[in-house]
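This report refers to the structure that appears directly beneath it.
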Amino acid sequence: GKVRERVIYLQHKRGYRIPVRLRTIPIVEDGIVVGTIEIFIEVTEFKHPFNKMSACGNQVLVDALTHLPNRIMTEHFIKTKMNDYKMLGIPFGLAIVDLDNFEAINQTYGMGIGDDVLKLLSESFVHCFKTVDIIGRWDNDAFIFGFSCLAKDNFIKICDKIRIISESSMLRNTPFRD
């Protein structure tokens, strides 16, 4: 018969998790708990994992070329997912896509074409993968995909789809043909 309070996570209709404080107040009649009142309170300090960094400006979190989350933002995502896994046992998966021979593309066709390849792939990834939690630019020629609550079989299928999308993307109206 005590008032209890703890932070829990609810799933937003868009799929991401929202931390809220749950306060449970018992309803007592004749010394017996006959029900409870549950109050959900938004936890403002956790409102969104990137709020504190967003105050520094969008340029800190977004890659200027691809307009994807940059390494700072993706590292924060990974830390958040690791905490969710440690505290709540919620599984997640990461896939890193590294472009083969990207330096040769830059040397042969120029950095402008290399930039076009990165932009093309980032747009393809964003349009083809709606269920991913994050697609970020990890390094010069690497992207990272983050997934929550994904079964191992589905994760393997999505990784194969990433490979197929990467291999089948092509630039048009350029000298680049590889």
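Which one is most open to solvent (accessible area, probe 1.4 Å) among residues in region 96-111 that are part of a strand (DSSP E or B) and free of Cβ contacts under 8 Å to residues at least 60 places away in the same chain? Ranking the candidates gives I96 first.
Quickly run through region 75-95 and pick out the residues that are surrounded by fewer than 12 Cβ atoms within 10 Å (Cβ to Cβ) and either without any contact (Cβ under 8 Å) to a residue 12 or more places away in the chain or over 30 Å from L10 (Cβ atoms) (or both). K79, M82, K86, M87, G89, listed by residue number. Farther than 15 Å from F77 by Cβ, in a strand (DSSP E or B), at pLDDT 85 or above and hydrophobic (A, V, I, L, M, F, W, C) - does that describe any residue in region 3-24? Checked against the condition, which is being farther than 15 Å from F77 by Cβ, in a strand (DSSP E or B), at pLDDT 85 or above and hydrophobic (A, V, I, L, M, F, W, C), region 3-24 yields at least one hit. Please verify whether region 112-121 includes one or more residues that are assigned to a strand (DSSP E or B) and closer than 14 Å to P69 by Cα. No: region 112-121 contains no residue that is assigned to a strand (DSSP E or B) and closer than 14 Å to P69 by Cα.
The values are calculated or read from the model by the stated rules, or taken from the named source; none is laboratory data. Given the structure is predicted, the values throughout are model-derived calculations rather than measurements. Note that we place each Cβ from the backbone using ideal geometry, even for glycine, and neighbour counts take in every protein chain shown. Surface accessibility is based on the protein's heavy atoms, side chains included, excluding ligands, DNA and RNA. Shrake-Rupley method; radii C 1.70, N 1.55, O 1.52, S 1.80 Å.
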